[in-house]
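*Asks:* Mind looking over this structure? Questions follow.
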Amino acid sequence: MTSPLTDAAASAPLSPEPTAKDPSTAPDQSHWSPRLWGTLLVLCAAMFLDALDVSMVGVALPSIGTELGLSTATLQWVVSGYILGYGGLLLLGGRAADLLGRRRVFLIALGVFALASVLGGLVDSGPLLIASRFIKGLSAAFTAPAGLSIITTTFAEGPVRNRALSIYTTCAATGFSMGLVLSGLLTEASWRLTMLLPAPIALIALLVGIKLIPHSAKEENHRGYDVPGAVTGTLSMLLLVFTVVQAPEAGWGSPRTLLSFLAVAVLLTLFVRIERRSPGPLIRLGVLRSGSQIRAQLGAMTFFGSYVSFQFLATLYLQSLLGWSALSMALAFLPAGALVALSSTKVGAVVDRFGTPRLIAVGFGLMVVGYALFLRINLDPVYAVVILPTMLLIGAACALVFPSLNIQATNGVDDDEQGMVSGLLNTSVQVGGAIFLAVVTAVVTANAPEGSSPQAVLDSFRPGLVVVTAIAVVGLLITLPGLRRSRSRDSVVVARSVPETAEDRVPVRD
């Protein structure tokens, strides 16, 4: 007997699968057709490229600065330009996927990503390189929420979607780990190869995606386009990311930084007022009345913020202080990514059995222990004893937490709002990364030694590592209320479109 997914794959275009309203009555979708597998792989390729691109650029920065003659302040914007475009436009990208069609938004943005990759590899000036990075971040702000919402509207809620999301989200860690290694190799020849490599992969994914990605109808019953909300929301996110990125250099207490934060607060207040009154809001604020949704968003901020900050400090420690090569550093991080990649097909089944709150709590617990163990670092570490345990614990934590956060954020949400929630989740990830990295950088800078002895520099890193550990502890504490609620339920299955408790129910429109 063929499954509904097999039957759907026989026709073109492939229609999105309806979300099952009750796991007990959902049709059998355990057997995926080749076309459905192909669709998932295209979406995974886009996620993989986002992570691959970020990690490759970080390793190549010294070579870029030398060839183009860029100062440290200018070189920072090669990374910050991407973050600015990505974090600033995610809310708009998520809602655009719902209103304009997820397939259309995803494919157009993927094409722009490929063109920007080519541009970045051919430019001969810093401003043009930064512009190409901003464009790539902008395109990722549309591919990320569109890709996630395609998955959540194509795969029925429950074990099938959990499996798909576990595979999809682990591609980010795999891409990041491979990017570190590939960049170490490619930069030996030319940093331009690190910019050009994503282009052919994105082009292949685009061509395959045109054939396989299901057509999704535009939201026909929306009540207009929320232009004021889009403008104020985008401006507030752009200014917030810009202010946080620049704060360590300008000074957290400087008039410029304080005025920028004040402007962000004004814009966000105006944005909330607009959204409450808009007939077709960019973000329906009622979705944040769900306790599980709030925990997913805050968990994403602390999870990614702690990891990015840890990676920043670990990179300084291994490369700048111990003198390791870029490739050696990449190989040191490789066990974490390998563990995530190897577990990608198994996490969905684990979520089905234990539920997202338990896995998120266990994952944050592993992160706390891993970061705490890294405090043992010294000037002559034995990798297998001092560094490897932390990498393995972080890898296990990423394998559990990141897929679970995505599942928890998208469960129980109507199809026409999946793009919105996906954009909100990705915004939490990026803003959390920017804010906490800036805080950790400020702590390390404040403890910078007057001298330059290796031991003094190492000692200045430790307060930053303590802050990283504290951020992970906060993430664990945020998760605990959801853990208590999951224990009170009769079933451990958390993937329900119609939640059984008032707290987890996503309200209908305000």
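The values are calculated or read from the model by the stated rules, or taken from the named source; none is laboratory data. What you see is a predicted model, and the numbers here were worked out from it, not measured in a lab. All Cβ positions, glycine included, derive from the backbone under ideal geometry; neighbour counts span all protein chains shown. For accessibility, only protein heavy atoms count, side chains too; no ligands or nucleic acids. Shrake-Rupley method; radii C 1.70, N 1.55, O 1.52, S 1.80 Å.
*Asks:* On the given criteria, is residue 325 closer than 23 Å to residue 445 by Cα and either under 18 Å from the mean Cα position of the chain (by Cα) or of a type in the set (S, T, N, Q) (or both)?
*Replies:* On the way: closer than 23 Å to residue 445 by Cα: no; either under 18 Å from the mean Cα position of the chain (by Cα) or of a type in the set (S, T, N, Q) (or both): yes.
It is false that residue 325 is closer than 23 Å to residue 445 by Cα and either under 18 Å from the mean Cα position of the chain (by Cα) or of a type in the set (S, T, N, Q) (or both).
*Asks:* Only one of these is within 23 Å of residue 188 (Cα to Cα), of a type outside the set (A, V, I, L, M) and either open to solvent by less than 30 Å² (accessible area, probe 1.4 Å) or outside any helix (DSSP H, G or I) (or both): 63, 55. Name it.
*Replies:* 55
Residue-wise test of (1) closer than 17 Å to residue 433 by Cβ; (2) open to solvent by less than 10 Å² (accessible area, probe 1.4 Å).
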| site | (1), (2) |
| --- | --- |
| 312 | yes, no |
| 324 | no, no |
| 328 | no, no |
| 338 | no, no |
| 355 | no, yes |
| 366 | no, no |
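*Asks:* Kindly list the number of the only condition in (1) buried (at least 24 other Cβ atoms within 10 Å of the Cβ); (2) within 20 Å of the chain's Cα centre (by Cα); (3) more than 23 Å from residue 333 (Cβ to Cβ); (4) not aromatic (Phe, Trp, Tyr) that fails for residue 157.
*Replies:* Only one criterion is unmet by residue 157, namely (2).
*Asks:* Looking at the range 309-330 only, could you name the residues that are of a type in the set (A, V, I, L, M), modelled with pLDDT of 85 or more and touching a Leu at 6+ places or on another chain (Cβ under 8 Å)?
*Replies:* If the condition is that a residue be of a type in the set (A, V, I, L, M), modelled with pLDDT of 85 or more and touching a Leu at 6+ places or on another chain (Cβ under 8 Å), then 313, 321, 322 are the ones that fit.
*Asks:* Kindly provide the set of residues from the range 441-455 that are of a type outside the set (S, T, N, Q), closer than 29 Å to residue 307 by Cβ and open to solvent by less than 50 Å² (accessible area, probe 1.4 Å), ordered by number.
*Replies:* 442, 443, 444, 449 - these are the residues of the range 441-455 that are of a type outside the set (S, T, N, Q), closer than 29 Å to residue 307 by Cβ and open to solvent by less than 50 Å² (accessible area, probe 1.4 Å).
*Asks:* Test residue 285 against the stated conditions and say whether it is surrounded by fewer than 16 Cβ atoms within 10 Å (Cβ to Cβ), on the phi < 0 side of the Ramachandran plot and modelled with pLDDT of 90 or more.
*Replies:* For residue 285, the condition - surrounded by fewer than 16 Cβ atoms within 10 Å (Cβ to Cβ), on the phi < 0 side of the Ramachandran plot and modelled with pLDDT of 90 or more - is not met.
*Asks:* Take the range 207-226 and flag every residue that is surrounded by fewer than 20 Cβ atoms within 10 Å (Cβ to Cβ) and at pLDDT 75 or above. Can you show your working first?
*Replies:* Looking only at the range 207-226, we keep the residues that are surrounded by fewer than 20 Cβ atoms within 10 Å (Cβ to Cβ), and these are 207-208, 210-211, 215, 217-225.
207, 208, 210, 211, 215 - these are the residues of the range 207-226 that are surrounded by fewer than 20 Cβ atoms within 10 Å (Cβ to Cβ) and at pLDDT 75 or above.
*Asks:* Just for the range 379-394: of the residues that are open to solvent by 50 Å² or more (accessible area, probe 1.4 Å) and part of a helix (DSSP H, G or I), which one is nearest to residue 298 (Cα to Cα)?
*Replies:* Residue satisfying both the conditions and the ranking: 392.
*Asks:* Here's something else I'd like to know. Any residue at all in the range 161-170 that's open to solvent by 20 Å² or more (accessible area, probe 1.4 Å), under 17 Å from the mean Cα position of the chain (by Cα) and either within 18 Å of residue 334 (Cβ to Cβ) or polar (S, T, N, Q) (or both)?
*Replies:* Looking for residues that are open to solvent by 20 Å² or more (accessible area, probe 1.4 Å), under 17 Å from the mean Cα position of the chain (by Cα) and either within 18 Å of residue 334 (Cβ to Cβ) or polar (S, T, N, Q) (or both), one finds none in the range 161-170, hence no.
*Asks:* Please state which of the following conditions residue 376 fails to meet, knowing it meets all the rest: (1) outside any helix (DSSP H, G or I); (2) at pLDDT 85 or above; (3) open to solvent by less than 40 Å² (accessible area, probe 1.4 Å).
*Replies:* Answer for residue 376: the failing condition is (3).
*Asks:* Show the residue pairs meeting these rules: Cβ distance below 7 Å; 6+ apart or different chains; first residue within the range 271-297 and without any contact (Cβ under 8 Å) to a residue 12 or more places away in the chain; second residue part of a helix (DSSP H, G or I) and open to solvent by less than 40 Å² (accessible area, probe 1.4 Å).
*Replies:* none
*Asks:* Does residue 350 fit the bill of being closer than 22 Å to residue 407 by Cα and surrounded by 22 or more Cβ atoms within 10 Å (Cβ to Cβ)?
*Replies:* Considered against the rule, which asks whether it is closer than 22 Å to residue 407 by Cα and surrounded by 22 or more Cβ atoms within 10 Å (Cβ to Cβ), residue 350 comes out as no.
*Asks:* Taking the range 93-127 as the region of interest, how many residues are closer than 18 Å to residue 82 by Cβ and not in a helix (DSSP H, G or I)?
*Replies:* Of the residues in the range 93-127, 2 are closer than 18 Å to residue 82 by Cβ and not in a helix (DSSP H, G or I).
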